[in-house]
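The structure appears below as structure tokens.
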Amino acid sequence: MQDNILYDVIIIGGGPSGLTAGIYTSRARLNSLLLNSYTIPGQAISTHLIENYPGFPEGIGGFELIERFEKQAHGSGLTIYPNTVRKVRNVQQVRQQDMNIWQVECEDGTYNALSLIIATGASHKKLGVPGELEFLGKGVSYCATCDGPLYRDRPIVVVGGGDAAVEEALFLTRFSPKVTIIHRRDSLRAARILQERLFANKNIEVVWDSVITDVLGSDNVEGVRVRNVKTQKDIELSCSGVFVFIGLVPNTKLFQEIVKLDDNGYIITNENMLTSQKGVFACGDCRQKTLRQVVTACGDGAMAGFAVNAWLAQ
Ligand code: NAP
């Protein structure tokens, strides 16, 4: 799909922050287009249960929550196209005004807008050890909701010590009687409530002070080599699945020529979500901030939508 419309705003990314921004810009009656690549599932949509988003005391599945956001965004008048963005460029200044036209080049065409909201989120960090990429889809995974059921009754290893690792390890015990968490330190970073559940679960064991050095197998994963970072001793653990949750890398490569990034690649914004570039806003996990949750992504999205409207009105 391609059109000749000059949109008020193009939102790139269809996670909680992008969809919330779209709800706000559409309700402000800005001509808004949201472009989302559905090829790689985002953090929220691939979370089996989100328990800390207010209003859902029993928790809500990430997929269902995003579906609800999309329904609300459509109802507000937002246009959503599934499309992968390839390049973003600033093509010209609108005469006598201090405004640019932003051209967003996608797989199937080019779209133009007076402003942009970047809501591209972050992807799972890779371990970078031999075997990890070779066994991707053959035992190595970054999504427990997507791949957990494939490992029913088989041993699983989870890497990491944050919220994602602990939450997903707990989820994986629905399928596997033996889940081993491998963590590089002797204490976890995850929220206390998750740690309490972890330590009460007899199907989860934690291997402390350890890192994976190799993913092993022939056609599929058969095990991992694990090094204790204190003793430097190696052991081999048998497993069929290796789930990696060691943090995030922001999806900001496309924008590095346009907006200022911090040393870790996150987009720097002010409290109104404005980046270093006039008319370009960023919200959610792709921007520099301290707390990355669905609820903070929504707050960012609301602020970005509001700020774009104010900026265009000027
Ligand atoms: P995270 O909080 O950054 O934790 C990453 C974990 O992986 C840390 O324990 C870290 O160890 C470990 N790690 C990092 N690099 C490693 C490496 N190369 N090898 C081995 N271990 C490594 O990441 P996350 O758990 O993916 O969460 C990302 C964000 O999403 C966080 O802001 C988190 O709060 C949020 N989130 C929230 C929820 C929730 O609220 N329910 C659920 C999921 C995610 P160290 O501890 O030693 O640094």
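Points to keep in mind about this one:
This table checks each residue for (1) within 30 Å of Cys286 (Cβ to Cβ); (2) touching an Asp or Glu at 6+ places or on another chain (Cβ under 8 Å); (3) buried (at least 18 other Cβ atoms within 10 Å of the Cβ).
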{"site": "Asp214", "(1), (2), (3)": "no, no, no"}
{"site": "Val229", "(1), (2), (3)": "no, yes, no"}
{"site": "Ser240", "(1), (2), (3)": "no, yes, yes"}
{"site": "Pro250", "(1), (2), (3)": "yes, yes, yes"}
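- Test set (1) in contact (Cβ under 8 Å) with a residue 24 or more places away in the chain; (2) within 16 Å of the ligand (Cβ to nearest atom); (3) open to solvent by less than 50 Å² (accessible area, probe 1.4 Å) - Gly22 fails condition number: (2)
- On inspection, Ile204 passes the criterion of being open to solvent by 10 Å² or more (accessible area, probe 1.4 Å) and either of a type in the set (Lys, Arg) or not assigned by TED's automatic domain parsing to the domain that holds Gly61 (or both).
- Qualifying residue in the stretch 82-101 (condition: surrounded by 23 or more Cβ atoms within 10 Å (Cβ to Cβ) and closer than 22 Å to Val294 by Cα): no
- Pairs, first acidic (Asp, Glu) in the stretch 300-314, second surrounded by 17 or more Cβ atoms within 10 Å (Cβ to Cβ) and in a helix (DSSP H, G or I), C-beta under 6 Å, six or more apart: Asp300/Ser17; Asp300/Gly284
- Matching option when the condition is modelled with pLDDT of 95 or more, of a type in the set (Val, Ile, Thr) and more than 19 Å from Asn220 (Cβ to Cβ), among Val179, Val166, Val157, Val129: Val166
- Residue match in the stretch 46-62 (condition: under 20 Å from the mean Cα position of the chain (by Cα), more than 16 Å from the ligand (Cβ to nearest atom), part of a loop (DSSP other than H, G, I, E, B) and hydroxyl-bearing (Ser, Thr, Tyr)): no
The values are calculated or read from the model by the stated rules, or taken from the named source; none is laboratory data. The model shown is predicted, which means the values in this text are computed figures rather than measured ones. All Cβ positions, glycine included, derive from the backbone under ideal geometry; neighbour counts span all protein chains shown. We work out accessible area using only protein heavy atoms, side chains counted, and drop any ligands, DNA or RNA first. Shrake-Rupley method; radii C 1.70, N 1.55, O 1.52, S 1.80 Å.
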